[in-house]
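Notes follow once the structure below has been shown.
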Amino acid sequence: MSKRQLAMVMDLNKCIGCQTCTVACKTQWTNRNGREYMYWNNVETQPGTGYPRNWMEAGGGFDSEGNLKDGIIPDMVLDYGVPWDYNHDELFGNADQTVLSPNTDPVWGPNWDEDVGEGDWPNSYFFYLPRICNHCSNPGCLAACPREAIFKREQDGIVLVDLDRCQGYRYCIAGCPYKKIYFNPKISKSEKCIFCFPRIERGLPPACAHQCVGRIRFVGFLDDQESQVYKLVHKYKVALPLRPDFGTQPNVYYVPPLEGPPKFDDEGKPIEGSGRIPVEFLEKLFGPEVHQALKTLKEEMEKRKRGEESELMDILIAYNHADMFRLDEN
Ligand code: SF4
Ligand code: SF4
């Protein structure tokens, strides 16, 4: 257990799936040297299979008695999808060859099922789910490592891999139910999101949060009552962990998406009081607290519509980018 815990909140009502966060992370940390296939930050469509494929069904985490559950190591080709190249060399200077195509037959990759979602037109639906390592309070990766190579920093709860101790056994990958720790085949070590700790130590938020064009990400210490993170998680209780049933106590929290516009009946008329995103699906992702969180969000929205004050809505609108990040108690 760390003395303090940094956390991130992401408001899923504002994510536009632009992948700026993914690119910010990739260019900074994982664009080469065996990390090409890694997405320490990815943004996937839900409902969907995600990245790596079917990660929610890949095991790991803890059962209700606190025992580590078995998990699988996703397959590099079938589940991650090895990054492929295109036939640029063939095309270059060859006027007859006109088709730009991958140089292998890809079967899967990040965002393979982007924007597919579920439901039939005109009642189809989806939303974007950005994911990083949750820097869990009870990390499955850490519990699974026989080398004690994974540790939580005392000062902020960031979960890191000690590469000197790691022997590349990959138990951590099986143990993480979010599949947010990756094997680097070039150095035979496991690597993962480091919550941009070199930036944190300079008082800067992680690059994914800083670059987010939708202003969906808040960063702060969970015990800092002035931080917006504290208010969203503890005061208003509208930010919830993803798959709390996995038992790892994640420290990335999500403001769930509202159910969306009303469904249309067979005659094309909106069905009053209906919503496109089934609340049962949101409950599967965020647990039973999602009902109260959605109720609070709707009540506060109504307050603002009536012209009343709402601290919660002011936070979520994120007028000032700087207010979204509070990395100390100054
Ligand atoms: Fe470990 Fe996975 Fe939790 Fe990250 S999300 S701390 S990799 S168990
Ligand atoms: Fe969503 Fe922000 Fe990432 Fe864009 S940068 S995909 S809005 S989390």
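Please find, within the stretch 266-298, the residue that is nearest to Phe127 (Cα to Cα) out of those that are acidic (Asp, Glu) and either in contact with a Ser or Thr (Cβ under 9 Å, 6 or more places away or on another chain) or at pLDDT below 95 (or both).
Within the stretch 266-298, the match that is nearest to Phe127 (Cα to Cα) is Glu272.
Can you pull out the residues in the stretch 19-64 that are part of a helix (DSSP H, G or I), touching a Phe, Trp or Tyr at 6+ places or on another chain (Cβ under 8 Å), among the β-branched types (Val, Ile, Thr) and within 14 Å of ligand 2 (Cβ to nearest atom)?
Thr22
Is one or more of the residues making up the stretch 153-169 surrounded by 21 or more Cβ atoms within 10 Å (Cβ to Cβ), more than 16 Å from ligand 2 (Cβ to nearest atom) and part of a helix (DSSP H, G or I)?
No, the conditions are met nowhere in the stretch 153-169.
Report, by residue number, each residue of the stretch 125-149 that is more than 7 Å from ligand 1 (Cβ to nearest atom) and crowded, with 19+ Cβ neighbours inside 10 Å.
Tyr125, Phe126, Phe127, Tyr128, Leu129, Pro130, Arg131, Ile132, Ala143, Ala144, Cys145, Ala149
State whether the residues of the stretch 53-71 include one that is crowded, with 21+ Cβ neighbours inside 10 Å, within 23 Å of Phe281 (Cβ to Cβ) and among the hydroxyl-bearing types (Ser, Thr, Tyr).
No: the stretch 53-71 contains no residue that is crowded, with 21+ Cβ neighbours inside 10 Å, within 23 Å of Phe281 (Cβ to Cβ) and among the hydroxyl-bearing types (Ser, Thr, Tyr).
Would you check if there is a residue in the stretch 75-92 being surrounded by 15 or more Cβ atoms within 10 Å (Cβ to Cβ), closer than 28 Å to Gly247 by Cβ and not aliphatic (A, V, I, L, M)?
Checking the stretch 75-92: at least one residue is surrounded by 15 or more Cβ atoms within 10 Å (Cβ to Cβ), closer than 28 Å to Gly247 by Cβ and not aliphatic (A, V, I, L, M).
The values are calculated or read from the model by the stated rules, or taken from the named source; none is laboratory data. Being a predicted model, the structure only gives us computed values, none of them experimental. All Cβ positions, glycine included, derive from the backbone under ideal geometry; neighbour counts span all protein chains shown.
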